[in-house]
Amino acid sequence: MLHTYICNAQFLKSYFISNIVSILNNPIEYLKGVGPFKADILKKEAGIFIFNDLLQYFPFRHIDRTQITPISKINSDTDYVQVKGKITSVEVLGERYSKRLIATLYDGSGELELVWFQGINWVQKSLHIGAPFLVFGKAGFFMNTPQITHPEMELLTEENKNAKAFLEPVYSATEKLKARGMGGRQMGDLTATLLKMLSDKDIPENLPVEILNKFHLVKRFDAYKNIHFPASQTEYEKAVQRIKFEELFLSQLRMGLLRFKRHSFSKGLVFSTVGEHFNDFYNHHLPFELTGAQKRVLKEIRKDLGSGKQMNRLLQGDVGSGKTMVALMAMLIAADNGYQSCFMAPTEILARQHFESLKKMLNDLPVKIGILTGSSTAKEKRTILRECAEGEIDIITGTHALIEDAVLFKNLGLAIVDEQHRFGVAQRAKLWEKNELHPHILVMTATPIPRTLALTAYGDLDYSIMDEMPPGRIPITTVHRMEYARPQVMNFIKSEIKKGRQAYIIYPLIEESAKLDFENLMKGYEEVKAYFPEPKYYISMVHGKQKAAQKQTNMDRFLTGDTQIMVSTTVIEVGVNVPNASVMVIESAEKFGLPQLHQLRGRVGRGNQKSYCIVLTKVKLSNDAKQRLKIMCETNDGFKIAEKDLEIRGPGDIEGTRQSGLLNFKLANIVEDKRILETARLAAEKIIEEDATLIKEVNRCLRDFLVSQKGKTVWSKIS
Ligand code: ADP
Ligand code: MG
């Protein structure tokens, strides 16, 4: 009897806990003061569907209602003000549509005009000469007199004669919201109504108490209350701090847990041996000593490949750091274990270049290599597809033609994606599916990602960094020149060609108008030709409109030194390797982003001679452009450039991360809140290390929270 009772009680308790429908999930129309009509606008204009969305609709600033400003201190910089004074005059001016009520307020220091265009009769009744008022509103000037249109008025009595003691939240509101009586102030009223209904059970703590104590964080409920209605600036800042930490910590924890899960549960192909091919190549065919960074990264990769878990690694290496060699040696390990590899590049030119250079390096090793691109002929395609499916080919290079359904492998063991930022996630994922047990994945990028971004956007991948250049490289000198200095720049190219070097001249691609781009390029080409006439000089030109074969011929002629100058659009941005080229001229450089400029510059400085990058721009430049070009001239370090780029552009804009949703923090900003991110990451890692299943009682709040959030984020947005 007693036993049954206990069971029931426990059952009931857990039943209630798991089925409590939080008040925060209520549809917004049920909030007092909203209703169906306003709810509709809130949904459309502010994305507020449920109570919780309103709670998360943070004010973008607060107005200090603790301050009273003397009227004489109001100037053109004044925004919202609160003044205290007596009404000295009230009059109605104008007729019909221009009718307005004007009152004067005097506070001993000066006079303020108060103006109403609406509700005149009603307002007029409440204003008596000599009556003391607390007045609040946005200050402006009319004929040198300060005025407030439609101010908030509060008659001062014995009880309220002092200034209001709080910071009033200001919310962003669209014109539509404002027009329907849902302006910034009303939003505050709704939030206040909502907060009155909530207790700390509705916003339960989700961080372990140890973390709260250690990092001096306020409780979750208090943070949500105070971010809207703080009693002081300090209280507000503490609320912000807490919410930022929570956002960053939870994202780090989620990603850390994903990584942990993958490490402990994912099954991978086991490449147990480093065999004949690898050793033969390493001992007899390696054209140069590997850099320390190359060796280190290879070790990391080998460890992954032999671990029995599927490798999922991001390799970041600055332009020219020698990633191709690492890729080749990883593919040799795959071949040693009887597996095929594929090596996917974003452009035809690059795929072909990889093919040629790998073939050359493999020389007479018994490793068969093939290539498949969009421009392979039907016959070539048939052969390649058959060889792939039957396992005759060991290594296949190519473009995204490789991910087409027709491409089947006998046993794909390793998929390498070069310059990954050019591929979408979905495109990459198609590669993974080409083997029953997913192949090992190595994603390579030469667009360095700042550490903070890597942590947040790619935190679920393991990553390796190649931060060392092959020896003997002489740093590239970068200079900024105005367009009018073009003749000098051309003369400089001549002097370099005289020394036997080659030069690139790059024109921007402005996506809106392919036609204009083309015209620009042709104009540039003619101009360059005038400076460098045949037969003394020969010029290659490559652009997006050419057929693959034509591009290839032009590329090849430059590669073999047949032409001294390459005029091109950014199609050659990634990967192209012509070590003899020593000058990179970038036309209209102000139109390029930092990572792209750095990529382009990386086409020179690949050999053992001194190289130059010249960024040409028009004279008048935006501040951002000036800053970018200055950074280019100051440093060759891709990681530094990536950090600066993130600072200038902000995280929302970085290529490839926009759609990921991973950076959609409400408050946190990975540039400004770097330090919080770092602390949060360490705290998350510690928890994963000690209690990855979150089974400990202290971590229960975390587990409950993560469970409650599963699949939820998108849900509230679907009406
Ligand atoms: P990226 O990392 O930009 O893809 P690449 O793989 O194209 O760089 O290598 C750039 C150049 O450096 C190539 O010419 C390559 O042969 C050369 N290289 C790579 N590793 C070394 C090394 N350890 N020592 C000397 N040269 C190297
Ligand atoms: Mg490369």
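The values are calculated or read from the model by the stated rules, or taken from the named source; none is laboratory data. Everything numeric here is computed off the predicted structure, so don't read it as measured data. Here Cβ is always computed from backbone atoms with ideal geometry, including for glycine, and neighbour counts include all displayed protein chains. Keep in mind that these areas ignore ligands, DNA and RNA; they rest on the heavy atoms of the full protein, side chains included. Shrake-Rupley method; radii C 1.70, N 1.55, O 1.52, S 1.80 Å.
Of note:
- Evaluation of residue 333 against the conditions (1) without any contact (Cβ under 8 Å) to a residue 12 or more places away in the chain; (2) surrounded by 23 or more Cβ atoms within 10 Å (Cβ to Cβ) shows that the sole unmet condition is (1).
- Residue 407 satisfies every condition listed in (1) of a type in the set (A, V, I, L, M, F, W, C); (2) part of a helix (DSSP H, G or I); (3) out of contact with any Ser or Thr (no Cβ under 6 Å at 6 or more places or on another chain); (4) crowded, with 21+ Cβ neighbours inside 10 Å except (2).
- Here is the figure for the stretch 190-216: residues that are over 22 Å from residue 22 (Cβ atoms) and either among the hydroxyl-bearing types (Ser, Thr, Tyr) or crowded, with 20+ Cβ neighbours inside 10 Å (or both) total 1.
- When residue 405 is tested against (1) in contact with a helix residue (DSSP H, G or I) (Cβ under 8 Å, 6 or more places away or on another chain); (2) on the phi < 0 side of the Ramachandran plot, only condition (1) is not met.
- Among the residues of the stretch 344-366, none qualifies, meaning not one is closer than 18 Å to residue 274 by Cα and of a type in the set (Val, Ile, Thr).
- Scanning the stretch 302-324 for residues that are outside any loop (DSSP other than H, G, I, E, B), within 16 Å of ligand 2 (Cβ to nearest atom) and open to solvent by less than 10 Å² (accessible area, probe 1.4 Å) yields 314, 315, 316, 317.
- Subset of the stretch 542-554 [outside any strand (DSSP E or B) and in contact with a strand residue (DSSP E or B) (Cβ under 6 Å, 6 or more places away or on another chain)]: 551, 554
- Residues that are away from ligand 1 (no atom under 14 Å from the Cβ) and closer than 27 Å to residue 595 by Cα were ranked within the stretch 282-301; the one that is surrounded by the fewest Cβ atoms within 10 Å (Cβ to Cβ) is 300.
- The stretch 336-351, subset at pLDDT 90 or above and not aliphatic (A, V, I, L, M), residue farthest from ligand 1 (Cβ to nearest atom): 338
- Looking across the stretch 357-378 at every residue that is in contact (Cβ under 8 Å) with a residue 60 or more places away in the chain and more than 24 Å from residue 576 (Cβ to Cβ), the one that is surrounded by the fewest Cβ atoms within 10 Å (Cβ to Cβ) is identified as 366.
- Contact map, the stretch 85-101: first residue in contact (Cβ under 8 Å) with a residue 40 or more places away in the chain, second residue of a type in the set (Gly, Ala, Ser) and in a strand (DSSP E or B), Cβ cut-off under 6 Å, separation 6 or more or different chains; pairs are 87/103.
- Residue list for the stretch 497-521, filter: outside any loop (DSSP other than H, G, I, E, B), at pLDDT 90 or above and open to solvent by less than 80 Å² (accessible area, probe 1.4 Å): 497, 502, 503, 504, 505, 506
- Hey, residue 333 over 30 Å from residue 454 (Cα atoms) and more than 16 Å from ligand 1 (Cβ to nearest atom) or not: no
- Positions within the stretch 429-479 being open to solvent by 10 Å² or more (accessible area, probe 1.4 Å), within 16 Å of ligand 1 (Cβ to nearest atom) and at pLDDT below 85, in sequence order: 447, 448, 449, 463, 467, 472, 473
- Condition met for residue 317 (touching a strand residue (DSSP E or B) at 6+ places or on another chain (Cβ under 8 Å) and within 16 Å of ligand 1 (Cβ to nearest atom)): yes
- The one condition in (1) touching a helix residue (DSSP H, G or I) at 6+ places or on another chain (Cβ under 6 Å); (2) more than 16 Å from ligand 2 (Cβ to nearest atom) that residue 623 fails to fulfil: (1)
- Residue tally, condition away from ligand 2 (no atom under 13 Å from the Cβ) and at negative phi, over the stretch 325-351: 14
- Residue satisfying all of: in the stretch 228-250; hydroxyl-bearing (Ser, Thr, Tyr) and touching a residue at least 12 places away in the same chain (Cβ under 8 Å); surrounded by the fewest Cβ atoms within 10 Å (Cβ to Cβ) among these: 232
- Restricting attention to the stretch 288-301, the residues that are assigned to a helix (DSSP H, G or I) and among the polar types (S, T, N, Q) total 1.
- Scan of the stretch 572-588 for residues that are in contact with a strand residue (DSSP E or B) (Cβ under 6 Å, 6 or more places away or on another chain), more than 12 Å from ligand 1 (Cβ to nearest atom) and more than 11 Å from residue 602 (Cα to Cα), ordered by number: 585, 586, 587
- For the stretch 251-277, a residue qualifies if it is in a helix (DSSP H, G or I), surrounded by 19 or more Cβ atoms within 10 Å (Cβ to Cβ) and either out of contact with any Phe, Trp or Tyr (no Cβ under 8 Å at 6 or more places or on another chain) or among the charged types (D, E, K, R) (or both), and the qualifying residues are 252, 253, 255, 256, 277.
- Neighbours by Cβ (under 9 Å, 6+ apart or cross-chain): first from the stretch 127-156, more than 27 Å from residue 169 (Cβ to Cβ) and touching a residue at least 12 places away in the same chain (Cβ under 8 Å); second open to solvent by 60 Å² or more (accessible area, probe 1.4 Å) and of a type in the set (D, E, K, R): 129/86; 130/86; 131/86; 145/111
- Filter result for the condition that a residue is free of Cβ contacts under 8 Å to residues at least 60 places away in the same chain and either of a type in the set (Val, Ile, Thr) or surrounded by 12 or more Cβ atoms within 10 Å (Cβ to Cβ) (or both), over 39, 46: 39
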